[in-house]
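Asks: Can you read through this structure? Questions will come right after.
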Amino acid sequence: MYEKKTLNPPFFEIGPKQYLYGDEVLELALIADEASAKHNVQVIFTAPYPDIRRVRENTKNLIVFAPHMDPIRVGRGLADILPESVRAAGADGVLLGHVEKQISYLTLKKTMDRAKELNMLTLICTDSKAEAMAAALLSPTVITAEPNDLIGTGKTSSLGYIRESIEAIHSIDPNIYVLIGAGISTGKDVYNVIREGADASGSSSAVACAQDKRAIVNEMLAAARQAWDERTSK
């Protein structure tokens, strides 16, 4: 049986999506790996399927996630994503329900069940308070609260949305970590959401498309650490 990794806040999720491929993905993973150790902030690195094994084998600190998987079992299912396959490749967890890969609630539940069988960490993406509360009933490790219309815009969620999302999720299960994403493009954005009560934040396009990826990753992780330390030292 696979060992389940431990995730501790503050943490940060980096997902290159399809902005990068091949060696570019590994280069970003190595930057994130170094920054994770430097700032003592865990990084979930959601790697494209072809890069999961290479990222896992070449980094020490990253929590590697698959960007999706299907609730199938070993056997038939040509072109579906087998949970055992991504686990064997080195994925510690899986991201589910992203707006770019939406699935039904029934499929989400079945996939969560498969992830739990394999001791995988789980992150469910949600858009609204109602979606977040429904996701919380499945007891994932993390719920990402991010309005779909803000993703990739550089505009972040309001403080009211952040507070409401955290309260809604914790009213169902206070043990679920809350990641506030969508539009996160600067260290200040990261600082604000974690200072407001989130356990984590994350970014895709702002990191993947940055000219100086090392600088932006370090800026965001440093901000996460600062905000968390200030919030928890009260």
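Asks: Could you run through the range 124-163 and say how many residues are open to solvent by less than 60 Å² (accessible area, probe 1.4 Å), among the charged types (D, E, K, R) and at pLDDT 85 or above?
Replies: Total satisfying the criteria: 1.
Asks: Are any residues in the range 205-234 in contact with a Phe, Trp or Tyr (Cβ under 7 Å, 6 or more places away or on another chain) and touching a residue at least 60 places away in the same chain (Cβ under 8 Å), and if so, which ones?
Replies: Of everything in the range 205-234, those that are in contact with a Phe, Trp or Tyr (Cβ under 7 Å, 6 or more places away or on another chain) and touching a residue at least 60 places away in the same chain (Cβ under 8 Å) turn out to be Ser205, Ala208, Cys209, Met220, Leu221, Ala224, Ala227.
Asks: On the given criteria, is Glu13 under 26 Å from Gly97 (Cβ atoms) and of a type in the set (Asp, Glu)?
Replies: For Glu13, the condition - under 26 Å from Gly97 (Cβ atoms) and of a type in the set (Asp, Glu) - is met.
Asks: A further question follows. Report whether or not Gly90 is at pLDDT 95 or above, on the phi > 0 side of the Ramachandran plot and open to solvent by less than 20 Å² (accessible area, probe 1.4 Å).
Replies: yes
Asks: Give, as residue ranges, the strands (runs of 3 or more DSSP E) completely inside the range 23-135 that count at least 1 residues that are among the hydroxyl-bearing types (Ser, Thr, Tyr).
Replies: Hits in the range 23-135: 42-46, 121-126.
Asks: Separate question: Give me the pairs: first residue in the range 108-121 and open to solvent by 10 Å² or more (accessible area, probe 1.4 Å), second residue of a type in the set (S, T, N, Q), beta-carbon distance under 8 Å, and six or more apart or on different chains, which are they?
Replies: Note: pairs meeting the criteria are Lys116/Thr122.
Asks: In the range 20-66, what residues are buried (at least 16 other Cβ atoms within 10 Å of the Cβ) and among the aromatic types (Phe, Trp, Tyr)?
Replies: Phe45, Phe65
Asks: Identify all residues within the range 17-50 that are hydroxyl-bearing (Ser, Thr, Tyr) and within 17 Å of the chain's Cα centre (by Cα); write none if there are none.
Replies: Going residue by residue through the range 17-50, those that are hydroxyl-bearing (Ser, Thr, Tyr) are 19, 21, 36, 46, 49.
Tyr19, Ser36, Thr46, Tyr49, listed by residue number.
The values are calculated or read from the model by the stated rules, or taken from the named source; none is laboratory data. Not measured: the values here are computed from a predicted model. Reconstructed Cβ throughout: ideal geometry from the backbone, glycine too, with neighbour counts over all protein chains shown. Remember, those area values only see protein heavy atoms, side chains included, never the ligands or the DNA or RNA. Shrake-Rupley method; radii C 1.70, N 1.55, O 1.52, S 1.80 Å.
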